[in-house]
Amino acid sequence: MKITCLQENLKTNLNIAQNIVGKNLTLPILNNLLLEIDNGQLKISSTNLEIGINTWTSGKIEKTGSITCPAKILTSFINNLPNKKIELEAKDNNLYIKCENYKAAIKGLSAEDFPLIPKIKEKPISVFKKSEALKNDLNKVVGAAALSESRPEFSGVLFKFEKDSVRFVATDSFRLAEKIIYQTSSISQPNSLIVPQRTIQELIRILGEKQSQEVRFVLGDSQILFDLDEVQLISRLIDGQYPDYQQIIPKNFETKVTLSKDELINNIRIASIFSSKINDVKILIRSEKIEILSQDPDLGENKSQMSARVQGKPMEIIFNFRYLMEGLANIGTKQVLLGLNPEIQGTSSRSNPAVIKPVGEDGYLYVVMPIKT
């Protein structure tokens, strides 16, 4: 293999591919990147056996072939080279690199031992024309997925493909985020699937580094492909049945509060300084205002007020401030709506969930469970 390409292009694709590479002691080949000539370009691949990434870099090809090299060493060396032409040549499981006055020889392993990354060639089930918008939409839900895999379906993001829309949903049973994307073109095949949280985080990162005209979602056998032309991300799917989450979303509220998002965030942030170990803040809803209180026996207490438009009954409710802040941070409008129902007295179950929505913008909601008093 021998190819000459620009440092800037090579650097970008190496950084994309190497991010999923960890330190694998049982299978050392997984610590490497696969470099091979494919359809007149340099193809760089990585995998951790759950996620696979392919990238393509254009250049002047003199000889075909392939090699695998340690991801961290190769990426670190290329990142520190000047933005000039780089010559890569593979000989006898060594990769020789030249760039102006810089030279290196990196010991590699045979490409024949690199795990096969599945190829998914079926028709896309959905196409997104704006990669930046897709990145922002996924960012609004991915943080609500559970970190624990004790219930595997909660450790991923639900993709629900419907006739003219796609729903992204994530929950850890304490909070839930849903983003609906309405599309002008119909979905080719209605479907539901659960994508691991790590995969979505990688997709968000790639979308931040690579601007693409469109992103195609292609469904395979227990796997999904996100195709951005120059970059492909392939991932396993989570096998399981996602709960009927819509049953827990209240449709009616006894109390509705409309108020400034930024002012609410600031008041909660201040209250969090005096919050106890369970991260609790109390919200008292009164006529035309709300009060936010927090108290810790060792630190002191805090109380603040802010004006609001209140419809319905006065009430008191306690939240985990971190969950509140994460939901509010994903709202882009100046005003937010809090939909609340009082706690059901005399029950051992949790309190009724609260709903947070942007005012004047459809398609996003955040559900958070209060802390039961």
Margin query: Condition check: in contact (Cβ under 8 Å) with a residue 60 or more places away in the chain, outside any strand (DSSP E or B) and under 26 Å from M369 (Cβ atoms). Does I200 satisfy that?
Written below: yes
Margin query: For a quick check of your reading: which strands (runs of 3 or more DSSP E) sit entirely within segment 74-151 and have at least 2 residues that are surrounded by fewer than 18 Cβ atoms within 10 Å (Cβ to Cβ) and among the small types (G, A, S)?
Written below: 102-107
Note to self: Yes or no: segment 285-299 includes at least one residue that is assigned by TED's automatic domain parsing to the domain that holds V355 and at positive phi.
What the structure shows: yes
Notebook entry, point to check: Hey, among K160, K179, which residue is under 20 Å from N330 (Cβ atoms), at pLDDT 95 or above and assigned to a strand (DSSP E or B)?
Noted result: K179
Margin query: Consider segment 39-52. How many of its residues are touching a Phe, Trp or Tyr at 6+ places or on another chain (Cβ under 9 Å) and modelled with pLDDT of 95 or more?
Written below: 6
Note to self: Consider segment 276-305. How many of its residues are of a type in the set (S, T, N, Q), more than 21 Å from V367 (Cβ to Cβ) and in a loop (DSSP other than H, G, I, E, B)?
What the structure shows: 2
Next item on the list: Being among the aliphatic types (A, V, I, L, M), out of contact with any Gly (no Cβ under 7 Å at 6 or more places or on another chain) and farther than 28 Å from R167 by Cα narrows it down to one of I331, I265, I371, I270, so name that one.
Entry: I270
Next item on the list: Name every residue in segment 298-333 that is surrounded by 17 or more Cβ atoms within 10 Å (Cβ to Cβ) and free of Cβ contacts under 8 Å to residues at least 40 places away in the same chain, in order of residue number.
Entry: N302
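Condition check ((1) exposed (fewer than 14 other Cβ atoms within 10 Å of the Cβ); (2) more than 21 Å from E50 (Cβ to Cβ); (3) polar (S, T, N, Q)) across all residues:
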{"position": "S212", "(1), (2), (3)": "no, yes, yes"}
{"position": "Q232", "(1), (2), (3)": "no, no, yes"}
{"position": "G240", "(1), (2), (3)": "yes, no, no"}
{"position": "Q246", "(1), (2), (3)": "yes, yes, yes"}
{"position": "K261", "(1), (2), (3)": "no, yes, no"}
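The values are calculated or read from the model by the stated rules, or taken from the named source; none is laboratory data. Quick caveat, the model's predicted, so the values are computed rather than measured. Ideal geometry is used to build each Cβ from the backbone, glycine not excepted, and the neighbour counts take in all protein chains shown.
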